[in-house]
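Take a look at the structure below.
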Amino acid sequence: MLLGVVVTALGVVTLRTGWVPPWTRRHVTRPRLQGIGALLVGLAVFLPGLVYFGVLPGLSWEARFFGRLALMFSGLVCVAMSQLLPPAHGKTPRGRASQPAA
């Protein structure tokens, strides 16, 4: 659950401020998409703990499994797209200076 809280907090910080953790900063071209992905992955890790401790009502194991799978997969797709898509609005990401044409 602690890992889920940390990843969810990083996702919220990235969404609010655009700050990306240093270990992914070089690869991320769209910080908001990275924040959405981190938020979804963090929730996929955090919510089963709430069910385990009885904070959330128990659902069938199929609903929990497929719900968690959907959150995790959509979060990973968002994180991957935040690194694969070109920068939005022609912005150059940090550390990548555009080279003049020869």
Quiz item: Within region 1-57, which residues are under 13 Å from Leu76 (Cα atoms), open to solvent by 50 Å² or more (accessible area, probe 1.4 Å) and of a type in the set (Val, Ile, Thr)?
Solution: Ile36
Practice problem: Give the number of residues within region 61-99 that are open to solvent by less than 70 Å² (accessible area, probe 1.4 Å), under 20 Å from Pro48 (Cβ atoms) and modelled with pLDDT under 90. | Solution: 2
Quiz item: Which residues, taken from region 68-89, are closer than 18 Å to Val7 by Cα and not aliphatic (A, V, I, L, M)?
Solution: Arg68, Phe73, Ser74, Gly75, Cys78, Ser82, Gln83
Practice problem: Output the residues belonging to region 5-42 that are part of a helix (DSSP H, G or I) and of a type in the set (Lys, Arg). | Solution: Arg16, Arg32
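The values are calculated or read from the model by the stated rules, or taken from the named source; none is laboratory data. Fair warning: this is a prediction, and the values are worked out from it, not measured in the lab. No Cβ is skipped: glycine too gets one built from the backbone with ideal geometry, and neighbour counts run over all protein chains shown. All accessible areas refer to the heavy atoms of the entire protein, side chains included, with ligands and DNA or RNA removed. Shrake-Rupley method; radii C 1.70, N 1.55, O 1.52, S 1.80 Å.
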